[in-house]
Amino acid sequence: MTFHSIDAWWWPYLFILIAGWLATDMWRFLGVYFGGRISERSEALVAVRAVATALVAAVIGNLIVFPTGALADTPLALRLGAAGLGFAAFLLARRKMLLGIAVAEVVLALGLWLGV
Amino acid sequence: MDEPPSNSPPSGRTAYWYGRGMLAAFSIPGLILSSAFIGFAGLAKEAGFSLTQTVFMTGIVWALPAKVVLVGAILSGASLPAAAFAVALSSVRLMPMVVALMPELRGPHTRKWVLYLLSHCVAVTSWVLAMERLPRVPRTMRTTYYGALGSTLVLFNMGVVAVVYAVADRLPDSVLAALFLLTPMYFLTSLWGSARESAAHFAMAFGLVLGPVMHVLVPGFDLLVAGIAGGAGAYVMHRLRARRRPA
């Protein structure tokens, strides 16, 4: 049962509702339910946050190493260099997100312009 | 804007704080989030989603990591249960965030359903903004303020996604490539910045490497395996470091 397995207009929306909305809002609703009842600092929540963070980081890694569309036509070394230098700038500038993103974009643009 | 006098009618105060909440959506963090949604619109289009599906997904899921995981799972041909499981794992983080937000948001007479409704707007950016600014909002006006902030962010970015989706075909490849880089850079920096303990930093490093490795080794389950293995490894490192530190 994949996204493309049923050829009806409503199937993609049902897929998004179950795999997207339900899988996301159930945690928000549980958060309201438990609000004030469990400590944010409990060890179980540290472990839970670690898994969630690793999962999102895996997505980031895939977006950079195995991108789709126009980014797929750029060299891997250029993408890694752009992301790496952007992240380094972000850390050096005391976590200025805007600077990190801008540096990555400039490195990518320069690389494409120079035909690296 | 000046603070309205405290004896102004309640409707005037509500409008004032609603306006302040809306304005907060157009702060620097709000605009950076929109840049990530520009990238997301391109990603969803490349993945074969229609315009309405993409806009629907933006409003109904809202959390960007969850959506990127959902698109990634669909791209790798995951089944409905596998996709839902991966999205659910990526969204667990929302629960402790909402737990932390509730005491800030709740007023003496706030109804439960209002909180459930407002919780839908919780994602990294609106949460960070709310935790920072709610203490300066009068308690009875906090749900108004957050409702305005959250709904403005959601609706504005649904519009951003629709516009970018519509014009993406007319953009040159180099511009599209630059747009596609916005989403991973947004996450790379915001995830690191919002980490509260060393476990999250280890988890990021492990996940970044394990994601592409598992993509090759176990396609379709790459996110699940990388998330669980990377998260478990990070938690173990976190415990080992905590033990080594003198009590």
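Can we say B:Val114 is among the β-branched types (Val, Ile, Thr) and within 9 Å of chain A (Cβ to nearest Cβ)? Before you say what the answer is, go through the steps one by one.
On the way: among the β-branched types (Val, Ile, Thr): yes; within 9 Å of chain A (Cβ to nearest Cβ): no.
Taking the combined requirement at face value, the residue does not satisfy it.
What tally of residues in region A:1-22 results from selecting those that are assigned to a loop (DSSP other than H, G, I, E, B) and loosely packed, with under 15 Cβ neighbours inside 10 Å? Lay out the reasoning, then the answer.
Just the residues of region A:1-22 that are assigned to a loop (DSSP other than H, G, I, E, B), to begin with: A:1, A:3-10.
From what's left, loosely packed, with under 15 Cβ neighbours inside 10 Å: A:1, A:4-10.
Result for region A:1-22: 8.
Out of region A:84-96, which residues are under 25 Å from B:Lys45 (Cβ atoms) and open to solvent by 10 Å² or more (accessible area, probe 1.4 Å)? Give the derivation first.
Here is the first cut: in region A:84-96, the residues under 25 Å from B:Lys45 (Cβ atoms) are A:86.
Correct list: empty.
Please enumerate the residues belonging to region B:164-183 that are free of Cβ contacts under 8 Å to residues at least 24 places away in the same chain and assigned to a helix (DSSP H, G or I). Let's see the steps before the verdict.
First, the residues of region B:164-183 that are free of Cβ contacts under 8 Å to residues at least 24 places away in the same chain: B:167, B:169-175, B:177-178.
Residues satisfying the conditions are B:Val167, B:Asp169, B:Arg170, B:Asp173, B:Ser174, B:Val175, B:Ala177, B:Ala178.
Filter region B:214-227 for residues that are touching a helix residue (DSSP H, G or I) at 6+ places or on another chain (Cβ under 6 Å) and part of a helix (DSSP H, G or I) and give the result.
Our first condition is that a residue be touching a helix residue (DSSP H, G or I) at 6+ places or on another chain (Cβ under 6 Å); within region B:214-227, this holds for B:214-215, B:218, B:222-227.
Across region B:214-227, the qualifying residues are B:Met214, B:His215, B:Asp222, B:Leu223, B:Leu224, B:Val225, B:Ala226, B:Gly227.
Is one or more of the residues making up region A:67-74 in contact with an Asp or Glu (Cβ under 6 Å, 6 or more places away or on another chain) and either part of a loop (DSSP other than H, G, I, E, B) or more than 7 Å from chain B (Cβ to nearest Cβ) (or both)? Explain how you work it out, then say what you get.
Looking only at region A:67-74, we keep the residues that are in contact with an Asp or Glu (Cβ under 6 Å, 6 or more places away or on another chain), and these are A:68-70.
With either part of a loop (DSSP other than H, G, I, E, B) or more than 7 Å from chain B (Cβ to nearest Cβ) (or both) added as a condition, the list becomes A:68.
Yes, that holds for at least one residue.
Residue-wise test of (1) within 13 Å of chain A (Cβ to nearest Cβ); (2) outside any helix (DSSP H, G or I); (3) in contact with a Lys or Arg (Cβ under 9 Å, 6 or more places away or on another chain); (4) surrounded by fewer than 17 Cβ atoms within 10 Å (Cβ to Cβ).
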position: B:Thr152; (1), (2), (3), (4): no, no, no, no
position: B:Leu155; (1), (2), (3), (4): no, no, no, yes
position: B:Val160; (1), (2), (3), (4): no, no, no, no
position: B:Pro212; (1), (2), (3), (4): yes, no, no, no
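For region B:223-237, enumerate the residues that are at the interface with chain A (Cβ under 7 Å from one of its Cβ atoms) and either surrounded by 19 or more Cβ atoms within 10 Å (Cβ to Cβ) or not aliphatic (A, V, I, L, M) (or both).
B:Leu223, B:Ala226, B:Gly227, B:Gly230, B:Gly231, B:Ala234, B:Tyr235
Consider only pairs whose beta carbons are under 6 Å apart and that are at least six residues apart or on different chains; among these, list those whose first residue lies in region A:83-112 and is at negative phi and in a helix (DSSP H, G or I) and whose second residue is open to solvent by 50 Å² or more (accessible area, probe 1.4 Å) and among the hydrophobic types (A, V, I, L, M, F, W, C).
What qualifies is A:Ala89/A:Leu99; A:Val103/A:Leu85; A:Val107/A:Leu85.
Test B:Ala178 against the criterion of being under 15 Å from B:Gly30 (Cβ atoms), crowded, with 19+ Cβ neighbours inside 10 Å and either of a type in the set (A, V, I, L, M, F, W, C) or modelled with pLDDT under 95 (or both), and give yes or no. Walk me through it before giving the result.
Numbers: under 15 Å from B:Gly30 (Cβ atoms): no; crowded, with 19+ Cβ neighbours inside 10 Å: yes; either of a type in the set (A, V, I, L, M, F, W, C) or modelled with pLDDT under 95 (or both): yes.
For B:Ala178, the condition - under 15 Å from B:Gly30 (Cβ atoms), crowded, with 19+ Cβ neighbours inside 10 Å and either of a type in the set (A, V, I, L, M, F, W, C) or modelled with pLDDT under 95 (or both) - is not met.
Assuming B:Gly77 fulfils every condition listed in (1) more than 7 Å from chain A (Cβ to nearest Cβ); (2) open to solvent by 40 Å² or more (accessible area, probe 1.4 Å); (3) not in a helix (DSSP H, G or I) apart from one, which condition is it?
(1)
What number of residues within region B:191-210 satisfy the criterion of being of a type in the set (D, E, K, R) and facing chain A (nearest Cβ under 7 Å)?
Taking region B:191-210 as the starting set, the residues that turn out to be of a type in the set (D, E, K, R) are B:196-197.
From what's left, facing chain A (nearest Cβ under 7 Å): B:197.
The qualifying residues number 1.
For B:Arg244, all conditions in the list (1) open to solvent by 30 Å² or more (accessible area, probe 1.4 Å); (2) in the same structural domain as B:Phe37 (by TED's automatic domain parsing) hold save one; what is the number of the exception?
Only one criterion in (1) open to solvent by 30 Å² or more (accessible area, probe 1.4 Å); (2) in the same structural domain as B:Phe37 (by TED's automatic domain parsing) is unmet by B:Arg244, namely (2).
Looking at (1) crowded, with 19+ Cβ neighbours inside 10 Å; (2) outside any helix (DSSP H, G or I), can you tell me which one B:Ser90 breaks?
(2)
The values are calculated or read from the model by the stated rules, or taken from the named source; none is laboratory data. Since we're looking at a predicted model, the values are computed, not measured. Here Cβ is always computed from backbone atoms with ideal geometry, including for glycine, and neighbour counts include all displayed protein chains. These accessible areas exclude ligands, DNA and RNA; they are computed on the full protein's heavy atoms, side chains included. Shrake-Rupley method; radii C 1.70, N 1.55, O 1.52, S 1.80 Å.
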